[in-house]
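Undergrad: Below are the structure tokens for one structure; questions will follow.
The values are calculated or read from the model by the stated rules, or taken from the named source; none is laboratory data. Worth saying up front: this structure is predicted, and the values here are computed from it rather than measured. Note that each Cβ is placed from the backbone with ideal geometry, even for glycine, and that neighbours are counted across all protein chains shown.
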Amino acid sequence: MSNQKSATIIGSGLVGSLWAVYLAKAGYKVTTYDRRSDLRNVALSAGKSINLATSFRGWKALDAVGIGDAIREIAIPMYSRTIHALDGTISTLPYGQENQAIYSVSRGEINAKLLEIAGKNENVTLNFDVDCVFADTKTGKFKLKNNRTGEETEHQTDLLFASDGAFSAVRYHGFQKLDRFSYSQNYIEDGYREILLPANADGTHKLEKNSLHIWPRGRFMLIALPNFDGSFTCTLFMPFDNHEYCFNKLTDRNKVQDFFKEVFPDFYDLLPSVAESWEDHPLSALALIRCYPWTNGKMALMGDAAHATVPFYGQGMNCGFEDCSIMWELMQQHNENWPLIFQEYEKSRKPNCDAMQDLSLQNYTVMRDKVTDPVFKMIHKIEHRLAHLFPEDFTPLYSMVSFSNTEYKNALKYGNEQQEKIRNWIEIHQLDDSMTIEKLDELLQKLPLLG
């Protein structure tokens, strides 16, 4: 009889499939269950889901188990934000220093690739079309319902990791029944709808390929991320109602067409058929999930099941992948003492994931509004120059979040403090974009370096 260690994962999305690879590497026999059908058998097309932006934390977690290069093959680097103003003018804001990029990747493609990698491991068994309908955190018992036959089966496990998304069944059936379990689900006022911008007839991109495109309009925005087939996955984020421009006013094709002509004229020129494809993708809501504790008995929450966020800093997937790398480091540190691992995992991750959610909300205001503000542009320019002049001593907020593994709570605190000090400099020294780089650098070298 085998004494091989075993573990169960409910949810084989991005975090669950990556965590299966981690556990298999540690010698565990891993069984995963997912309510959806096997993505590897589904014909994927661009534009089915918000494209994701893979950054440092995500690559660190992928590289730790040797699969980063497999994902890089399906990812497109984006070195800058390209800002599209209402009058048609275009400006560019680099994300970091030279050659620093975040990477556009299709949610469906990266999930299918991770499942493919996990499924090739003899220690991993993947199961689909089953719902978790009962979970007991203390005993490790759980029940599954086969979505095709309706049959229910009972199971027992020593370790169960719930990575089954924002509306986690394990969290609902197990954790939310616990005494003193804190839980909140807060929808923001805005929703989103996806739009596919097809490639040119020759297969080339209609916009700069290696950039994230933003049409900021104050209270709302349109963004576009590149795909390999020459298309862009575009997403309109906007209030549902109570605004001059809102989804609930766009009730027919004529209103949709007039809206894009008026508010996004250069995008309309690229896609005059936008109204015809308006309902190809559903109008969806955006919520933040906060809860605690994330572990109890034999079970732990990971990824969106613990800390679902809004997509405005591109950190949802990266943060979930970081859950895996942090849990992995704790496994090594504590020699697989799971009660101790669970305790440290939730205590260290909870404040950082709260900060990540705060950063995500904060960056929505930046993307839809501040990127066109002269003061913000000047702050960004000064941050960029400080990082160039003092690379060992200064890191901008965006770089702390996207190009390092600085704890999110520290990035939020220090980044906002730095930006406030820079804002004061701009006011005191009356800095504006007319100042040459040489003059700006000369001034910055005389000022006290920001902490």
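Undergrad: Residues to consider are Gly150, Gly96, Gly66; find the one that is in contact with a helix residue (DSSP H, G or I) (Cβ under 6 Å, 6 or more places away or on another chain) and either part of a loop (DSSP other than H, G, I, E, B) or outside the structural domain of Val15 (by TED's automatic domain parsing) (or both).
TA: Gly96
Undergrad: Does region 328-347 include one or more residues that are assigned to a loop (DSSP other than H, G, I, E, B) and touching a Leu at 6+ places or on another chain (Cβ under 7 Å)?
TA: yes
Undergrad: Ok, one more. Touching an Asp or Glu at 6+ places or on another chain (Cβ under 8 Å), surrounded by fewer than 24 Cβ atoms within 10 Å (Cβ to Cβ), modelled with pLDDT under 95 and not in a helix (DSSP H, G or I): is that true of Ser37 in this structure?
TA: Considered against the rule, which asks whether it is touching an Asp or Glu at 6+ places or on another chain (Cβ under 8 Å), surrounded by fewer than 24 Cβ atoms within 10 Å (Cβ to Cβ), modelled with pLDDT under 95 and not in a helix (DSSP H, G or I), Ser37 comes out as yes.
Undergrad: A further question on this structure: Note down all Cβ pairs under 6 Å where the first residue falls in region 354-367 and is over 16 Å from Pro396 (Cβ atoms), the second is surrounded by fewer than 20 Cβ atoms within 10 Å (Cβ to Cβ), and they're at least six residues apart or on different chains.
TA: That search, which allows pairs on different chains as well, returns Ala355/Lys409; Gln357/Leu288.
Undergrad: Moving on. Could you grab me the full set of residues in region 405-437 that are within 19 Å of Lys377 (Cα to Cα) and basic (Lys, Arg)?
TA: Across region 405-437, the qualifying residues are Lys421, Arg423.
Undergrad: Specify the residue that is nearest to the chain's Cα centre (by Cα); the eligible residues are those in region 82-139 that are buried (at least 20 other Cβ atoms within 10 Å of the Cβ), over 30 Å from Met378 (Cβ atoms) and modelled with pLDDT under 95.
TA: Only one residue tops the list, namely Ser106.
Undergrad: Give me a count of the residues in region 403-441 that are part of a helix (DSSP H, G or I), exposed (fewer than 12 other Cβ atoms within 10 Å of the Cβ) and in contact (Cβ under 8 Å) with a residue 24 or more places away in the chain.
TA: Matching residues across region 403-441 total 1.
Conditions tested, residue by residue: (1) surrounded by fewer than 17 Cβ atoms within 10 Å (Cβ to Cβ); (2) assigned by TED's automatic domain parsing to the domain that holds Met221; (3) modelled with pLDDT of 95 or more.
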{"site": "His380", "(1), (2), (3)": "no, no, no"}
{"site": "Leu389", "(1), (2), (3)": "yes, no, no"}
{"site": "Asp393", "(1), (2), (3)": "yes, no, no"}
{"site": "Val401", "(1), (2), (3)": "no, no, yes"}
